[in-house]
Amino acid sequence: MGRWSAWPRHTPEVDGGAPGAGGTLRGEGEDIAAPDPVLLARALAGDDEAFAALVQPYQRPVFRHCYRMLGSGADAEDATQDTLERAWRKLVTYDGSGPFGAWLQRIATNVCLDGLRARRTRIGPAGYGPAAAPGTMPGPPDPELVWVEPVSDSDLHGTGDPEDEVVRREEISLAFVAALQRLAPRQRAALLLHDVLGFTHAEVGEVLSVSTTAVNSLLSRARESVRATDGKPQPSITEPRVQQLLQRYVRAWQLADIDGFIKLVSEDVSFSMPPLTAWFEGRAAVAAFVENAIFAPARPHGVHLQAGSCNGQPAFATYQPDSQGHLVISGLQILQLANLDRQPLITALVSYRDPALAIRCGLPPALS
């Protein structure tokens, strides 16, 4: 997670547009703890080091909320810093009547809504047009499109994070974040504030400056849209059967074994390759593309993978030899799994063709 390099000196500022202090933050957003009154007093007196210590426990939850709102780790990191800078300037408006974390999430929501006005909507994997016909070779990327991006699990939750137990995989999954980007910004905010962070209807209305009736309408439309894209629950990466599947998956890529690959994917599997717009659907179409475009050219050396975890899902960096024969990072794969007939299978494979994204997600730039 990024940190600020320096804070401006605190100037007490009362702004009628400042976020209120309310917010119940049940569920995932349950407040970590009441802010330390000594730190709060020092921060209000202009001590930027005290403010840094005050907000440190809340940075990851704020990042998580911004990521869901914006669909990009880099954008979420910028929004998190903007949130903390805005909170520093407006700290005098926090009156202690509600959880400090809720106050920060209100600010973060408005920072994200402001940012979305100037940004293009991010497209989810396999979300641009119909699936390509079997045998189609993808064309060049469209520079006008921006895509939903994964983030590493360490950015979403960390060891000892008090909120870890209530961060459900379904609410950080790539598919869920992609589904959110299809919503209008205020629908997105309402759904996250109410259904994920636990704000009441009245509190959501206060954040969005709308009536509770309007909140009900926003939630109804948002839930209907997200529900239409819901997939099957994903099994835990730690399950032994999932671990066995992932080992077989790595072996299939290392051996460029298309028969081994086919046994690991569902009948309706999808395969997408952002920033390329073409994507494939169905075991036969996906297998044909993987064999002809990836495995056949890779033989006899195969494709080397390095395991990681993004969005609570299995992730793998891909590596290919450079001109000196060194294995250098070439992309990032994210797998979506589901239990079908009591066996885990891959239902979606997203292969990002951006090595910088894999490195950002904590995977090594080269293998020895």
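Brief remarks follow.
- Förster-model FRET efficiency, 22 Å R0, I294 and D142, C-beta, rounded to 0.05: 0.50
- For A256, residues with placed amide H under 5 Å, excluding near neighbours: V303
- The gain in end-to-end length when the S209 to D114 segment is fully stretched comes to 32.8 nm, 0.36 nm per residue minus the alpha carbon separation.
- Taking max minus min of the alpha-carbon positions on each principal axis, the chain gives extents of 66, 47, 41 Å, largest first.
- Column: log10 I(q)/I(0), Debye, Cα scatterers of the stretch 92-215, q = 0.11, 0.16, 0.20 Å⁻¹: -0.51, -0.97, -1.32
- Protection proxy ranking, peptides 353-359, 54-60, 65-71, 337-343, average beta carbon neighbours within 10 Å, highest first: 65-71, 54-60, 353-359, 337-343
- Spin-label pair A34-D95: with each label point 7 Å from Cα along the Cα-Cβ axis, the two points sit 1.7 nm from one another.
- Sequence-ordered 3J(HN,Hα) estimates for the stretch 139-155 from the Karplus curve with 6.51, -1.76 and 1.60 and θ = phi - 60° stand at x, x, x, 8, x, 7, 9, 10, 10, 4, 10, x, 9, 5, 4, 5, 7 Hz, glycine and proline given as x.
- Taking the chain and dividing mean pair separation by its residue count, relative contact order in percent (alpha carbons under 8 Å, at least six apart): 17
- Virtual spin-label span in nm between A366 and E224, 7 Å along Cα→Cβ: 5.5
- 5 Å binning of all Cα-Cα separations within the stretch 58-150, expressed as whole percents from 0 upward: 3, 12, 21, 17, 13, 10, 8, 6, 4, 3, 2, 1, 0
- Residues whose amide H comes within less than 5 Å of that of L340, counting only those at least five positions distant or on another chain, are L345 (H built at 1.01 Å from N in the peptide plane).
- GNM result for the chain, Cα springs below 10 Å: residue of E203, E170, E291 fluctuating most strongly: E291
- Each residue of the stretch 267-275 was assigned a 3J(HN,Hα) from its phi angle through the Karplus curve 6.51 cos²θ - 1.76 cosθ + 1.60 (θ = phi - 60°); the sequence is 4, 9, 4, 10, 9, 10, 9, x, x Hz, with glycine and proline shown as x.
- Sites Q247 and Q56, calculated FRET efficiency, Cβ-Cβ separation with R0 41 Å, nearest 0.05: 0.60
- The chain: most fluctuating residue of T83, T200, T318 per GNM, C-alpha cutoff 10 Å: T200
- Interchain or long-range residues, amide H under 5 Å from M273's placed H: A126, S351
- Tilt relative to the chain, helix 100-116 - C-alpha long axis, 0 to 90 degrees, to 10: 60
- Computed from backbone phi with θ = phi - 60° and the Karplus coefficients 6.51, -1.76 and 1.60, the 3J(HN,Hα) list for the stretch 302-310 is x, 10, 8, 10, 10, 6, x, 8, 10 Hz; x is used for glycine and proline.
- Cα-based Rg / Dmax (Å) for the stretch 240-367: 13.9, 46
- The stretch 246-316 shape via C-alpha gyration tensor axes, a/c threshold 1.5: rounded
- GNM result for the chain, Cα springs below 10 Å: residue of V38, V328, V250 fluctuating most strongly: V38
- For the stretch 297-316 and the stretch 190-228, distance of Cα centres in Å: 38
- Per-residue ellipticity at 222 nm computed for the chain from its helices equals -11000 deg cm²/dmol, with DSSP H segments shorter than 4 residues left out and the rest contributing -39,500 (n - 2.57).
- Label-point gap, in nm, between A133 and A202 - each point 7 angstrom along Cα→Cβ: 6.0
- When the Cα atoms of the stretch 171-280 are aligned to their principal axes, the ranges along those axes come out at 59, 33, 21 Å in descending order.
All of the numbers you see were taken from the coordinates with simple rules; none came from a lab. Here the structure is a predicted model, which is why all the values come from computation and not from measurement. Using ideal geometry, Cβ is built from the backbone for each residue, glycine included, and neighbour counts are taken over all protein chains shown.
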